[in-house]
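J.: I'd like to ask you about the structure that follows.
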Amino acid sequence: MFAKEDCPRRRKGSRFPEDAWRKEDMIGRLNHVAIVVPDLAAASALYRKTLGATVTDTVDRPEHGVTTVFVELPNTRIELLHPLGDRSPIASFLDKHPSGGLHHVCYEVDDIAAARDRIVGEGGRVIGDGEPKTGAHGKPVLFLHPKDFCGTLIEIEQA
Ligand code: CO
């Protein structure tokens, strides 16, 4: 059994049993789920009006080649993404999925370098040169190869 202070990432009200969190666990909270959309204004309106969610303003992120809107939920965020510029990394995704689609999930980690080393040591591939980049929230992030993770693009972010 761990003391409560050993379990800082467990959320209040979680149905997850207290002793199910192990010290060797690495990924923590689901930071966000990213969805690529063909029309950001329409997607924002859909989340705000139809689904009744709090939606942030639209922000261009030229350094990432995307325009983003965040949907704020009580337990996580949804990141709505649209390509920005000629060399957007999500342009081909939208070509393949013209009505939009689930792009990636982002899990928080305490130490991104340690997380990368563990993942690579276990045979998982990190996309790019392996050095963390600054993500949409100003924190270090890395992306993991979907072929190694159940067909899902995973972003890890140092919380
Ligand atoms: Co993301």
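J.: Could you list all residues from the stretch 22-53 that are in a loop (DSSP other than H, G, I, E, B) and touching a strand residue (DSSP E or B) at 6+ places or on another chain (Cβ under 7 Å)?
T.: Correct list: M26, I27, G28, R29, V37, A53.
J.: Given (1) small (G, A, S); (2) at pLDDT below 95; (3) more than 16 Å from the ligand (Cβ to nearest atom), identify the lone condition not met by G65.
T.: (3)
J.: If you take the residues of the stretch 95-111 that are within 16 Å of the ligand (Cβ to nearest atom) and either modelled with pLDDT under 95 or more than 10 Å from E157 (Cα to Cα) (or both), which of them is surrounded by the most Cβ atoms within 10 Å (Cβ to Cβ)?
T.: H103
J.: On to the next question. So, R77, is that one more than 15 Å from the ligand (Cβ to nearest atom), surrounded by 15 or more Cβ atoms within 10 Å (Cβ to Cβ) and either at pLDDT 95 or above or closer than 22 Å to S44 by Cβ (or both) or not?
T.: Answer is no for this residue.
J.: Could you check the stretch 125-155 and list, in sequence order, the residues that are in contact with a Pro (Cβ under 7 Å, 6 or more places away or on another chain) and of a type in the set (A, V, I, L, M)?
T.: V141, L142, L153
J.: Same structure again: Does G85 fit the bill of being closer than 15 Å to L40 by Cβ and either basic (K, R) or in contact with a Leu (Cβ under 6 Å, 6 or more places away or on another chain) (or both)?
T.: no
J.: While we're looking at this one, here's another question. Those residues that are at pLDDT 95 or above and either in contact with an Asp or Glu (Cβ under 9 Å, 6 or more places away or on another chain) or within 13 Å of the ligand (Cβ to nearest atom) (or both), I need them from the stretch 133-147; list them, please. Don't jump to the end; show me each part of the working.
T.: Applying the first criterion (at pLDDT 95 or above) to the stretch 133-147 yields 140-147.
If the condition is that a residue be at pLDDT 95 or above and either in contact with an Asp or Glu (Cβ under 9 Å, 6 or more places away or on another chain) or within 13 Å of the ligand (Cβ to nearest atom) (or both), then P140, V141, L142, F143, L144 are the ones that fit.
J.: Shifting gears a bit: Under 7 Å between Cβ atoms, at least 6 apart or on separate chains: pull out the pairs that start in the stretch 97-116 with a residue that is assigned to a helix (DSSP H, G or I) and end on any residue that is within 12 Å of the ligand (Cβ to nearest atom).
T.: So the pair list comes out as I112/L142; I112/I156; A115/I156; R116/L142.
The values are calculated or read from the model by the stated rules, or taken from the named source; none is laboratory data. Values in this document were obtained by computation on a predicted structure and should not be read as measured data. Positions of Cβ are backbone-derived with ideal geometry, glycine not excepted, and every protein chain shown enters the neighbour counts.
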